[in-house]
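> Sharing a structure here in C-alpha cells format.
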Amino acid sequence: MKTHKVAVIAGDGIGPEVLAEGIKVLRKVEALDGNMKFDFTHFPWGCEYYANHGKMMADDGMDQLRNFEAIYLGAVGFPGVPDHVSLRELLLKIRKGFDQYVNIRPVQLLEGAPCPLKDVKREEVDMIVIRENSEGEYAGAGDWLFKGKPEEVVLQTGVFSRKGTERIIRYAYELARKEKKTLTSISKANALNYSMVFWDQVFEEVGKEYPEVKTASYLVDAAAMFFVKQPQRFQIVVTSNLFGDIITDLGAAIAGGMGLAAGANVNPERLHPSMFEPIHGSAPDIAGKGIANPLAAIWSASQMLDFFGYNDWGRAVLKSIEKVMVEKKTLTPDLGGTSTTSEVGNAVIAALAGIS
Ligand code: NAI
Ligand code: MG
C-alpha cells in the first residue's frame with residue numbers, strides 16, 4: 001500500500017468549497033484502486049488566518065509543508081487583505097520557496113465544455129502551456145523612488161537568469177519530445193530588448209539538442225490573436241511568467257471558462273513538494289452560495305494523480321468530468337446548470353465508478 005502525504009490549503013472564498021469536491025474524488029479513486037492511500041493534512045492559512053494572526057501562514061509554515069509530497073490549494077485572496085499581500089505571502093512564497101519553477105496549465109477543450117469560438121472543433125483546442133514560475137517579470141525586483149513626489153519613478157525589473165531560462169525551456173522540449181508534439185515559444189524580443197532577446201536565444205540554443213522537435217516562435221501579442229483565431233497552431237507552449245499568466249487566462253476562456261481551468265506548480269526534481277490548484281481565485285461574488293464550479297479543482301486533482309504516477313486514474317477523472325459535461329444534467333450555473341458544487345462533485349464520482 002503506497003501512501004501519499006498531501007497538504008491541503010483550502011484558503012479563502014470558494015477555495016474550501018471546491019477543494020472538498022476534489023478530495024471526495026481522490027477518496028473515490030483511493031477506494032476503487034485499493035493499493036494507494038492519501039493522507040490529507042489541512043492547514044487553515046489564508047485571509048481569515050491573516051485577520052486573526054496578522055500573517056497569511058504560520059511563521060514556520062514552509063517547514064511544516066516541507067515533508068509533504070504535494071500541496072492541494074484552493075484559492076487565496078479576500079476583500080480586506082490587499083491582493084499583493086495575500087498572493088505574495090502565501091502562494092508566491094510556496095511557489096518560490098519550493099522552487100516550483102514549472103507551471104503546467106492544460107488548455108484543452110474537454111468534451112461537452114462550452115467554447116466561445118465559432119467553428120472550432122474540440123481537437124483544435126488541445127495544448128499544454130508551460131509557464132516559467134520562479135522569476136521573470138514576477139521576481140519582485142525593482143524600486144519605488146521619490147514616493148509621492150512629482151518626480152516619482154517606479155522600476156519593475158524582469159529577472160531572467162540563464163539557469164532559470166534554460167531549465168524551463170528544456171522542460172518544455174523534453175515534454176514536446178516525449179509527447180511527439182510541436183513546441184511554440186511565446187516572447188516579445190522586438191520590444192523587450194534584453195530579456196526576450198535572451199529568451200529567444202536560449203530557446204534556439206537548447207533546441208539544438210532536440211532536432212526532432214518542430215518549433216515555432218511568436219510574439220505574445222500575435223500569439224494572443226492566434227489563440228482565438230487558430231488555436232490549432234499550438235500544442236506545447238513555453239513562455240515567461242507574466243505572459244504565461246495572461247495567455248492562460250485567455251486559454252481558460254476558450255476552453256470552457258474559469259470554472260474549468262487547472263494548473264500544477266511543479267518542482268520536477270521532486271526535492272520539494274509540488275502544488276496543484278484551480279487557476280481561478282476565491283470568487284467573493286459567489287462564495288458561500290454553494291454554486292462554485294468544482295471541475296477546475298477536480299481537474300487539478302487529476303493532475304496530481306498524473307504527478308504521482310497514476311496516469312490511468314488521471315485520465316479516468318478527466319473522462320468523468322467529460323461525462324458529466326456531456327450529459328448536461330448536473331452543472332453549476334457558470335456552465336448553464338442549476339446544480340450545487342457538491343452535486344457536481346457527486347456526479348463526477350458516480351461517473352468515475354462507471355468508467356473504472
Ligand atoms: P476570480 O477567479 O476569483 O473570479 C473571477 C470571476 O470568475 C468571478 O465572477 C467568479 O465568480 C468567477 N469564477 C471563478 N471561479 C469560479 C468557479 N469555480 N465557479 C464559478 N465561477 C467562478 O478572480 P478575481 O475576482 O479577480 O479575484 C478574487 C480574489 O481571488 C482576489 O482576492 C484575487 O487576488 C484572488 N485570486 C487568487 C488566485 C489564486 O489563489 N490562485 C488566482 C486569482 C485571483
Ligand atoms: Mg492568473
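> Give 221, 306, 312, 249 a once-over and let me know the one that is within 15 Å of ligand 2 (Cβ to nearest atom) and charged (D, E, K, R).
249
> A follow-up question, please. Testing residue 269 on (1) within 14 Å of ligand 1 (Cβ to nearest atom); (2) assigned by TED's automatic domain parsing to the domain that holds residue 325, one condition comes back false. Which one is that?
Only one criterion in (1) within 14 Å of ligand 1 (Cβ to nearest atom); (2) assigned by TED's automatic domain parsing to the domain that holds residue 325 is unmet by residue 269, namely (1).
> Quick test for you: out of 136, 140, pick the one residue that is in contact with a helix residue (DSSP H, G or I) (Cβ under 7 Å, 6 or more places away or on another chain), small (Gly, Ala, Ser), surrounded by 11 or more Cβ atoms within 10 Å (Cβ to Cβ) and on the phi > 0 side of the Ramachandran plot.
Working: 140 fails: in contact with a helix residue (DSSP H, G or I) (Cβ under 7 Å, 6 or more places away or on another chain).
Result: 136 is the single residue among 136, 140 that is in contact with a helix residue (DSSP H, G or I) (Cβ under 7 Å, 6 or more places away or on another chain), small (Gly, Ala, Ser), surrounded by 11 or more Cβ atoms within 10 Å (Cβ to Cβ) and on the phi > 0 side of the Ramachandran plot.
Here's the yes/no breakdown for (1) outside the structural domain of residue 175 (by TED's automatic domain parsing); (2) buried (at least 18 other Cβ atoms within 10 Å of the Cβ); (3) not in a loop (DSSP other than H, G, I, E, B):
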residue	(1), (2), (3)
283	yes, yes, no
289	yes, no, no
301	yes, yes, yes
304	yes, yes, yes
309	yes, no, no
351	yes, yes, yes
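> Across the range 244-260, which residue is farthest from residue 326 (Cα to Cα) among those that are within 13 Å of ligand 1 (Cβ to nearest atom) and either crowded, with 19+ Cβ neighbours inside 10 Å or not hydrophobic (A, V, I, L, M, F, W, C) (or both)? Walk me through it before giving the result.
Restricting attention to the range 244-260, the residues satisfying the condition of being within 13 Å of ligand 1 (Cβ to nearest atom) are 245-246, 248-249, 252-253, 256-260.
Next cut, either crowded, with 19+ Cβ neighbours inside 10 Å or not hydrophobic (A, V, I, L, M, F, W, C) (or both) only: 245, 248-249, 252, 256-257, 259-260.
Details: 245: 29, 248: 24, 249: 23, 252: 19, 256: 13, 257: 16, 259: 16, 260: 14 Å.
Across the range 244-260, the extreme among qualifying residues is 245.
> Of everything in the range 325-356 that's among the β-branched types (Val, Ile, Thr) and in contact (Cβ under 8 Å) with a residue 24 or more places away in the chain, which residue is farthest from residue 285 (Cα to Cα)? Quick ask: steps written out before the conclusion?
From the range 325-356, those among the β-branched types (Val, Ile, Thr) are 326, 330, 332, 338, 340-341, 344, 348-349, 355; that's our starting set.
Subsequent filtering for residues that are in contact (Cβ under 8 Å) with a residue 24 or more places away in the chain retains 326, 332, 340-341, 344, 348-349, 355.
On the way: 326: 27, 332: 15, 340: 16, 341: 15, 344: 20, 348: 25, 349: 27, 355: 35 Å.
Once the filter is applied, the top-ranked residue is 355.
> Scan the range 231-246 residue by residue and report those that are more than 15 Å from ligand 2 (Cβ to nearest atom) and either in contact with a Ser or Thr (Cβ under 9 Å, 6 or more places away or on another chain) or modelled with pLDDT under 95 (or both). Step through it out loud before you land on a result.
Looking only at the range 231-246, we keep the residues that are more than 15 Å from ligand 2 (Cβ to nearest atom), and these are 231-238.
Listed by number, the residues that qualify are 233, 234, 235, 236, 237, 238.
> Checking the condition out of contact with any helix residue (DSSP H, G or I) (no Cβ under 7 Å at 6 or more places or on another chain), basic (Lys, Arg) and either over 18 Å from residue 126 (Cβ atoms) or touching a residue at least 12 places away in the same chain (Cβ under 8 Å) (or both), which residue from 208, 178 passes?
Values: 178 fails: either over 18 Å from residue 126 (Cβ atoms) or touching a residue at least 12 places away in the same chain (Cβ under 8 Å) (or both).
So the residue among 208, 178 that is out of contact with any helix residue (DSSP H, G or I) (no Cβ under 7 Å at 6 or more places or on another chain), basic (Lys, Arg) and either over 18 Å from residue 126 (Cβ atoms) or touching a residue at least 12 places away in the same chain (Cβ under 8 Å) (or both) is 208.
> Could you please let me know if residue 264 is within 15 Å of ligand 2 (Cβ to nearest atom), in a helix (DSSP H, G or I) and either under 27 Å from residue 339 (Cβ atoms) or among the small types (Gly, Ala, Ser) (or both)?
Details: within 15 Å of ligand 2 (Cβ to nearest atom): yes; in a helix (DSSP H, G or I): no; either under 27 Å from residue 339 (Cβ atoms) or among the small types (Gly, Ala, Ser) (or both): yes.
No.
> Which residue out of 81, 76 is within 16 Å of ligand 2 (Cβ to nearest atom) and of a type outside the set (Gly, Ala, Ser)? Spell out how you get there, then give the answer.
Details: 81 fails: within 16 Å of ligand 2 (Cβ to nearest atom).
Every option except 76 fails the conditions.
> I've got another one for you. Of everything in the range 311-336, what is within 14 Å of ligand 1 (Cβ to nearest atom), surrounded by fewer than 17 Cβ atoms within 10 Å (Cβ to Cβ) and in a helix (DSSP H, G or I)? Give them in sequence order.
Correct list: 333 only.
> Which of the numbered conditions does residue 228 fail, given that it passes all the others? Conditions: (1) away from ligand 1 (no atom under 16 Å from the Cβ); (2) within 14 Å of the chain's Cα centre (by Cα).
(2)
> Considering only residues that are among the aliphatic types (A, V, I, L, M) and assigned to a loop (DSSP other than H, G, I, E, B), which ones fall in the range 206-220? Can you show your working first?
Residues of the range 206-220 that are among the aliphatic types (A, V, I, L, M), as a first pass: 206, 213, 216, 219-220.
213, the sole residue that qualifies.
The values are calculated or read from the model by the stated rules, or taken from the named source; none is laboratory data. Small disclaimer: the values here were computed from a predicted structure and weren't measured. All Cβ positions, even for glycine, are placed from backbone atoms using ideal geometry, and neighbour counts span all protein chains on display.
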